[in-house]
1. What does the net charge come to around residue 309 if you take all other residues with beta carbon closer than 15 Å to its beta carbon, with K and R at +1 and D and E at -1?
2. PRE reach from residue 76 (point 7 Å along Cα→Cβ): which of segment 42-66 fall under 11 Å by backbone N?
3. Taking 0.36 nm per residue of separation and subtracting the Cα-Cα distance, what length does fully extending residue 281 through residue 301 add?
4. In nm, to one decimal, how far is the modelled label at residue 325 from the one at residue 39, with both set 7 Å along Cα→Cβ?
5. Mind checking which aspartates and glutamates have their Cα closer than 18 Å to the Cα of residue 222? Skip sequence neighbours fewer than 8 apart in that chain.
6. List, in order, the whole-Hz ³J(HN,Hα) value for each residue of segment 109-120 obtained from phi through the Karplus relation with A = 6.51, B = -1.76, C = 1.60 and θ = phi - 60°; use x for Gly and Pro.
7. Calculated FRET efficiency, residue 362 and residue 30, Cβ-Cβ r, R0 60 Å, to nearest 0.05?
8. When the chain is fully extended, how far beyond the present Cα-Cα distance does residue 190 get from residue 85, taking 0.36 nm per residue of separation?
Amino acid sequence: MKKLVYGLTMMLALFLLPLAASAASGTQLQVNDKAIGLSAEPQISGDTAYVDLAPVLGSLGYTVQQSVYGTGWTVSKDGSKIELVSGSSSFVVNGESVKAGATVIQGGNKLNLQAFADLTGRKLKVDGEKGLISLNDTLQTSVLETLYTGTLTSSAQAPKALAQGNQGYTGYIKIFYPNGKVFYDGYMVNSKFEGKGKYYDSNGVLRYDGNWKDNKFHGQGKSYYADKHLEYDGMWKAGLKQGYGTYYWAWEPCGEPPGSITGYNKYVGFFDKDEFDGVGKIDWADGSKFEGFFSKGQIKCAGVFYWTDGWKYVGMYKDGKRDGFGTEYNEKGTVIYEGGFRQNLAEGYGRLYDAKGNLLYEGEFVNGHPKGEATARTLTGFQAQSNQKSSEAQLQMHTQNQMEVTFQ
């Protein structure tokens, strides 16, 4: 009887052994929910797995090339290059060493999937019981959930914090986009951007270089447009322009197709919560200028406006328009009009002069025009009327060409 039981036990063991081996060798790898064929069995180790790197990275669109001496690999995609050396615990991304915390390559060609997932922001799940390994492009956000630009919601804006990107980290750090380009290069305090740091977009263009606090631009710093042109150079507070600075914005002439940038306008002065506020000066790309006082992004109180033809206005403003007492001069500095303004037009009591300074009219103005006939104190007859029409035309022309002085 004992021999019979022993024999049955041995037969059962021999029967189950191939099944166990089959289960062990049946571990499946899926990349973005698609099965990937491997020439060798994946090696599961805790929460990671080591697999043949060529088919995995190839399925993700990387170009894979082994080094000349066979000691490592170079993978590239979208202009970024990642170097992997057998036995090393670091990646080399675009020439910069990035610690992985574990060996990235074993046995010459076995890739540490968890280390690679951390590097590129992907999500890895290893289920040894089910024999399933899955790697997906569902990008993980780092511990830095908010930035100056707002909440990180899209995958393109959600790089994975590398190396010491754990909660409570203080010190220097580099963070990379999934494509391998640098996202942030600078300092952190308690896992928040603080101190000096540089922020880049996913194309590798520097967008901010300066001081940070609580994940926001704070203190002295420079911001840049995507075309690398300087946007702002000055003081920041909690992510907003605050204090003294210089700001540039695109000049798009009327009549040109949208996006036709022919130059940049410039404001130099004070800001309050991202708006022109206080004493400042604007230089438009077409050559016109303004210097004076601003409030909440608009000209207020008083200022001087210079047209490109040499004319200028000196006087009061309200809500970005000439309003109150003011004086207009021609290109030679001769007074053409002095008196009241309302909504950029001559209004109320005023005096109109010709190009030589001769008084043409003194009295009431309505909607930019004299209410009565010419007052010929120095000229008479036809000449006075002709000069008045010329001066009125000049006054109207410069009224129409008044720039919109608001924050853009």
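1. For residues surrounding residue 309, the net value is 0.
2. Counting backbone N atoms under 11 Å from the label point, the list is 63-65.
3. The residue 281-residue 301 span can extend by a further 5.8 nm.
4. 9.2 nm
5. Within the straight-line cut-off, residue 222 pairs with 185, 194, 201, 209, 214, 231, 233, 272, 274, 275.
6. So the Karplus estimates, Gly and Pro as x, are 9, 8, 8, 6, 5, 5, 5, 5, 4, 5, 5, 9 Hz.
7. On the way: r = 89 Å, r/R0 = 1.48.
My answer for the efficiency is 0.10.
8. Once the chain is fully extended between residue 190 and residue 85, it gains 34.6 nm.
Read the figures in this text as sums done on the coordinates, not as results from a lab. Computed from a predicted structure; not experimentally measured. Please note: Cβ atoms are built from the backbone with ideal geometry, for glycine as well, and neighbour counts cover all protein chains shown.
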